[in-house]
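For reference, the structure discussed in these notes is given below.
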Amino acid sequence: MDVIVTGLLLGGAYALIAMGLNLQYGMARIMNLANGEMLVAGGFVAFWLWTGSQISPLLSVFLVAPVAFVVNWLIYMVFLRPLVKRAKSRGQLEVDAILTTFGLSFVAVGLMLAVFGGDYFSYSYLSTPVHILGDTYGANRLTAFVAAVLICGTLWLWLARSRAGMTIRAISVAPESARLVGIDVGRTAALAFALGGAVTATGGTLISTFLTLDASTGVIFTLKALVIVIMGGVGDVRGTIVAALLLGLLETFVARVIDPGLTLAAAYLLFVVILLFRPQGLFGRPTT
């Protein structure tokens, strides 16, 4: 039972890490390799506000999310929209976006090193033990899991039921057809990209309460998020949630039962197996 609960808590953290990239890559069609740096930046801000002013990370979310939304909107409009306009195919856009966001990731790392320094940072928040079914877990991890459930559930409902959410799904499926029915594809894609950045920064704020971070760890989160998004199916919120939980359960099982050193190998083995049998991901649409 301890393995299951711990795996679900880890999976919730992974869902927070991957949900933003799912919006940016699946909806806005931008493979954002600077996604992890936005997560670390959210964690940095939470750390700074807590250690400097004793502002709870649960409250700093309401500052981090709107600021991250605006920053990612500007990034899309200044650096990425010109790529979208000139791209003659989705393949060309993906290559250009990868190269551009790869460069932006180095810019972000440099800025964070200049502002916060190169040391690892962590802080104690809600580290009190909570007893569940006879085992003890950190309250900060439970809080992050509950937040992941709320964020992922809200996003799924918003994308599935609201008019704005269906508009975003329309541009992810058929951007050319979306234009024919009066949808402003550029503006909607910018909204999806900015929303993805806000979700990523929010995830960074929450997981910073129990993870140690530094300015250069963003690439690790980017790779983890990319694996989860592709496993679940690009653009599908349900797939991201299920893939994150599966990955959390698998890594916890391997670490507890077999060998902690094999967790990364097990994660990528699961990734390869899913792609062999479901190239489009668990919930993705097959290509035609």
Flag for ILE30 being buried (at least 21 other Cβ atoms within 10 Å of the Cβ), among the aliphatic types (A, V, I, L, M) and closer than 23 Å to ARG238 by Cα: yes
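Residue by residue, here is whether (1) over 20 Å from GLY203 (Cα atoms); (2) of a type in the set (Asp, Glu); (3) crowded, with 20+ Cβ neighbours inside 10 Å holds:
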{"position": "VAL40", "(1), (2), (3)": "no, no, yes"}
{"position": "SER56", "(1), (2), (3)": "no, no, no"}
{"position": "MET77", "(1), (2), (3)": "yes, no, no"}
{"position": "GLN92", "(1), (2), (3)": "yes, no, no"}
{"position": "LEU113", "(1), (2), (3)": "yes, no, no"}
{"position": "GLY117", "(1), (2), (3)": "yes, no, no"}
{"position": "SER122", "(1), (2), (3)": "no, no, no"}
Selection count where residues are surrounded by 11 or more Cβ atoms within 10 Å (Cβ to Cβ) and farther than 22 Å from VAL149 by Cβ, scope region 245-259: 5
Region 11-27, residues that are crowded, with 24+ Cβ neighbours inside 10 Å and either acidic (Asp, Glu) or touching a Lys or Arg at 6+ places or on another chain (Cβ under 9 Å) (or both): GLY12, TYR14, ILE17, ALA18, MET27
Residue match in region 52-59 (condition: within 28 Å of SER172 (Cβ to Cβ) and either among the basic types (Lys, Arg) or touching a helix residue (DSSP H, G or I) at 6+ places or on another chain (Cβ under 7 Å) (or both)): no
In region 165-191, the residues that are surrounded by fewer than 21 Cβ atoms within 10 Å (Cβ to Cβ), out of contact with any helix residue (DSSP H, G or I) (no Cβ under 6 Å at 6 or more places or on another chain), part of a helix (DSSP H, G or I) and of a type in the set (A, V, I, L, M): MET166, VAL173, LEU180
For PHE210: the one exception among (1) touching a strand residue (DSSP E or B) at 6+ places or on another chain (Cβ under 7 Å); (2) part of a helix (DSSP H, G or I): (2)
Lone unmet requirement of (1) over 16 Å from GLY235 (Cα atoms); (2) of a type in the set (Val, Ile, Thr); (3) modelled with pLDDT under 90; (4) part of a helix (DSSP H, G or I) for THR136: (4)
Some residue of region 29-47 being in a helix (DSSP H, G or I), modelled with pLDDT of 90 or more and farther than 22 Å from MET112 by Cα: no
Boolean, ALA225 is part of a helix (DSSP H, G or I), at pLDDT 90 or above, buried (at least 24 other Cβ atoms within 10 Å of the Cβ) and under 12 Å from the mean Cα position of the chain (by Cα): yes
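The values are calculated or read from the model by the stated rules, or taken from the named source; none is laboratory data. Computed from a predicted model, the values in this text were never measured in an experiment. As a convention, Cβ positions derive from the backbone with ideal geometry for all residues, glycine included, and neighbour counts pool all protein chains shown.
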